[in-house]
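Peer 1: Take this structure first; my questions come after.
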Protein chains: 2
Amino acid sequence: MSEAVPSECYPVTDRNRVKRLHERGRYDRESVHAILDGAMIAHIAYVIDGQPYCTPTAFWREGEHLYWHGSSASRMLRAQRDGLPVCLTVTHLDSLVLARSGFNHSADYRSAMCFGTARIVEEPEAKTRALDAMVDRFYPGRSADLRVSTAQEIKATMVVGMEIEEASAKVRGKGLSDEGEDMDLPIYTARYPVVQVIGAAEPCPRLPADTPVPPGLAGFTAGRRLDELMLENHRIRFGGE
Amino acid sequence: MSEAVPSECYPVTDRNRVKRLHERGRYDRESVHAILDGAMIAHIAYVIDGQPYCTPTAFWREGEHLYWHGSSASRMLRAQRDGLPVCLTVTHLDSLVLARSGFNHSADYRSAMCFGTARIVEEPEAKTRALDAMVDRFYPGRSADLRVSTAQEIKATMVVGMEIEEASAKVRGKGLSDEGEDMDLPIYTARYPVVQVIGAAEPCPRLPADTPVPPGLAGFTAGRRLDELMLENHRIRFGGE
C-alpha cells in the first residue's frame, strides 16, 4: 500500500486501456470512484486452474482499496489466500437507446473496471473494523445500533481486500445518435431512461409498532434511486475521500 | 452443438456447483433461463495471458446458446477467435435486508452463472440473423421497421456465441432472517425492495409529431420493471423455448 498522494489519474497500461469505443474511456480517480461508490454490487472475475469465474458480490471502497466479504467456504476466497489477480467491475445501466438502424441501437451506461490482487484480511481487529465499515457504508451509523457480532460470526466471515492497481471507467451518456442521413427516416426512435430504485420499507412484523426508524436510514425513501443513495451514504461514512 | 433433447437440469460439476450457501443453488434449466431472459446486461469473465477481465455487455439467449456482440476492435473478441473459455453471469438485485446483527444483513437476489467456450459467428448470413434476433429480443418486431444494415455495419460488428456447457442459479428470496434469540431486540429491521424500472420514452425531437409508437413497444410503459419486460419480450421472440 502506497502512502504517497495519488495522482489524479490511474496509470494507463495495456491492461486497463479502453480499446473498444475508446472515446468513452476515462482514467481519472474521481470518475472511477463515483461509479464504484454508487453501487452495492460488483462482479468479480478471477481464474482458478485456467477457468474464469464471474461472481457477484456486495463490495465497498475505502480510498484506493476495495473490500468484499464471504463465507470461509467460498471457492473464490479459498483460492485467494496467496493473493489472486482479480478484475472487479461495476455497471450502471442508465437508458435504452432505440435508433433508426440496428447499428445505432445502444444504451447509456457507466461502468468501472478495477484491477488488483485480492488478499484475505486475516487480522481480527482489522476484520471487525472492515465489517462495521461495510454495514455503515451502506446504512449510515447502523453498526453502533446492532447486536454485537459474536466471535463465531466473525470467524465464519471472510473479508477480502485489494488495492486498486489500475482502473478505467467507460461512460456513454449521449442518448440517441443516428447517422445524419438517417435522421429523416420515419422510424420511431426514443431513449428510455432506466433507474434502479428502492421501494417502501417492509419492517419486521415482530418489531414493536413504536420502533423508530434510525436517523441513518432517513435517505431510504420509496422511489429513491439506489445509485444516488449509495453515493450519498458512502460520502457520509468516508467523507468524500 | 447437441441436437438431443436437453435434460431438465444442467450437469453438476466442480465448476458450477454452488459451494457458498449451497442451499441457494439451483441447476434446472427453467430457473437459469428465467434469470438470463429477464436481463439485458451480463458480465463476462475471461482470461488473457493469465489476467482475468470482467466486461459488461448486452447479451441474449437462444435455446442453449448465448450471444453477445461488439466491435471488431475489442480485445476480448479478438482473443476469442479460437474459442475462449468464459463465464457469463447475470444478477438481479431484489431487496436490501437489514437485520438485527451485522452477520444477518443480506440481500435478496437472483443470479445465474453460465460456463462455455465463446466463438465468433463468422458466417455473414448467421451474423445478420443474429443481429436481427438481438434487436427483436429486446424490442419485439423492431428489426423489420429499421433502415436495413449496410455491409460495412455488419462487417464492423462482431457477434460472439457460446453453448451453455454448465450453469447454475443462486437465489435468495427469504427477506429478513434474524436469529431466534435476536428477534426481541428493539432494533429497527426492514426489507427494502429494489427494482430496476424504465422511465417515460423520450422520443427523438426530429420525429414528426404523428409518428406512431410501434405495437412491439407497447410494453415499454413508464415505471415498468425491466426484468419483467425483458422476460416478456424474450418469450414474444422465442416462444418460451
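The values are calculated or read from the model by the stated rules, or taken from the named source; none is laboratory data. Only a predicted model underlies this, so the values are computations on that prediction, with no experimental measurement involved. Methodologically, a virtual Cβ is constructed for each residue, glycine included, from the backbone with ideal geometry; neighbour enumeration extends over all protein chains shown.
Peer 1: Name the single residue that is farthest from residue B:237 (Cα to Cα) among those in the stretch B:140-164 being in a loop (DSSP other than H, G, I, E, B) and away from every other protein chain (no Cβ under 11 Å).
Peer 2: B:164
Peer 1: Condition first: of a type in the set (Gly, Ala, Ser) and in contact with a helix residue (DSSP H, G or I) (Cβ under 9 Å, 6 or more places away or on another chain). Now tell me which residues in the stretch A:224-241 satisfy that.
Peer 2: A:240
Peer 1: Go through (1) of a type in the set (Asp, Glu); (2) modelled with pLDDT under 95; (3) in contact with a helix residue (DSSP H, G or I) (Cβ under 6 Å, 6 or more places away or on another chain) and name the single condition residue B:136 misses.
Peer 2: Checking residue B:136 against (1) of a type in the set (Asp, Glu); (2) modelled with pLDDT under 95; (3) in contact with a helix residue (DSSP H, G or I) (Cβ under 6 Å, 6 or more places away or on another chain), the one that fails is (2).
For (1) at pLDDT 95 or above; (2) crowded, with 19+ Cβ neighbours inside 10 Å; (3) more than 7 Å from every other protein chain (Cβ to nearest Cβ); (4) in a loop (DSSP other than H, G, I, E, B), each residue gets a yes or a no:
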position: A:170; (1), (2), (3), (4): yes, yes, yes, no
position: A:177; (1), (2), (3), (4): no, no, yes, yes
position: A:181; (1), (2), (3), (4): no, no, yes, no
position: A:184; (1), (2), (3), (4): no, no, yes, yes
position: A:191; (1), (2), (3), (4): yes, yes, no, no
position: A:195; (1), (2), (3), (4): yes, yes, no, no
position: A:207; (1), (2), (3), (4): no, no, no, yes
position: A:210; (1), (2), (3), (4): no, no, yes, yes
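Peer 1: Let me ask another. Kindly indicate whether residue A:137 is more than 20 Å from the chain's Cα centre (by Cα) and of a type in the set (Lys, Arg).
Peer 2: In short, no.
Peer 1: Being at pLDDT 95 or above, buried (at least 18 other Cβ atoms within 10 Å of the Cβ) and of a type in the set (A, V, I, L, M, F, W, C): is that true of residue A:159 here?
Peer 2: In short, no.
Peer 1: Condition test on residue B:137, is it of a type outside the set (A, V, I, L, M), over 23 Å from residue A:111 (Cα atoms), part of a strand (DSSP E or B) and more than 10 Å from every other protein chain (Cβ to nearest Cβ)?
Peer 2: When the stated conditions are applied, residue B:137 does not pass them.
Peer 1: Quick check on my filter: what residues within the stretch A:102-121 are under 15 Å from residue A:171 (Cβ atoms) and among the small types (Gly, Ala, Ser)?
Peer 2: Passing the criteria: A:106, A:107, A:111, A:112.
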